[in-house]
Every structure is written in C-alpha cells, then in structure tokens.
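Every number here is computed from the coordinates shown, using simple stated rules; none is lab data. Keep in mind that what you see is a predicted model, and the values were worked out from it rather than measured. Positions of Cβ are generated from backbone atoms using ideal geometry, with glycine treated the same way; all protein chains shown enter the neighbour counts.
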Amino acid sequence: MISIFGEFTYRRRLYRNKETGETKFLLDEVLGIPTGARITPGIREIATKLATEMTFRRAAKVLSYLFPHISSMTIWNVVQEVGDEIKKESEEKKEAVFEYGQIPEGKEETSKLYIEGDGVVYKTAEVG
C-alpha cells in the first residue's frame, strides 16, 4: 500500500458471514480502502487532481518524485474508478429528481434566472 508517508504492508483478517457467505475485510472498511486498492484514499485524491491537469504519464512522473511505484496505468485506473463513482452518483441524483420528484435543497435563492442557449444543442425558431 502506498500512502503519503511512503509504502507499507499490513495484515488484516477476512471475515465471513455464516448466514450469507459474504466476506469482508473489516479493517479496510473502517479505513475507507476499496477492495484491491494499492494506494490510500489520500494518494488517490492527489492522483485524480493531477490527472485533470496533465497527462497520466506526467502525473505518474510527478507522483514518483514523492511516492514509489505509481505508474501511468495506476493513474488511469484511479481516474476510471473515480469516473464510475461520479457517474453512479449523478445517475442517483437524476433518478431522485426525475423518477421520484425529489427536489434537492438549493444553496441560493434568486428572484431572476437567466438561461442562455446557443442554437446548436437547442433548436431555435427562425423569425420572419
């Protein structure tokens, strides 16, 4: 496992639910470490932010100055995981609004709202 403090290994127990047969690493759940992860959530966040600003290869090189053994493929995998999580969250929000009519709390209240369209995505009416 690679963390902001360096590379380390740790041992944990695999627990099995006798009724359902489901298995879990309880320590991983408590620490917020996804199954099979090689980097901690902190490194994952740093890698994701770097990947939005530069290529995966460059992000891996920058991280390699600070942390050992982080490849561009690791960065790619992290970005895919984060993207899947964001997509799932977005789908859940969309479903809540359009399927169940749950309107999310707003942060600001305004008396006017201006909306602009460019005619490419939204068809415009021809006048005259």
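Numbers below:
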read-out	value
Among Glu99, Glu81, Glu116: highest mean-square fluctuation, GNM of the chain, C-alpha pairs under 10 Å	Glu116
Residue of Glu109, Glu92, Glu19 that the Gaussian network model of the chain assigns the largest fluctuation, springs spanning Cα pairs under 10 Å	Glu109
Cα-based radius of gyration of the chain once divided by 2.2 N^0.38 Å, which approximates compact folds	1.58
Neighbour cut-off at most 14 other Cβ (10 Å), DSSP loop, trypsin sites (Lys or Arg not before Pro), segment 1-78	Arg11, Arg12, Arg13, Lys18
Total lysine pairs whose alpha carbons fall under 24 Å of each other in segment 2-98 (8 or more apart, or interchain)	5
Proxy reagent accessibility, fewest Cβ within 10 Å first, across Ile75, Ile70	Ile70, Ile75
Computed [θ] at 222 nm, helices only, for the chain once each DSSP H run of length n ≥ 4 contributes -39500 (n - 2.57)	-14000 deg cm²/dmol
Computed FRET value (nearest 0.05) for Leu14 with Glu81, which takes r as the C-beta separation and R₀ as 22 Å	0.50
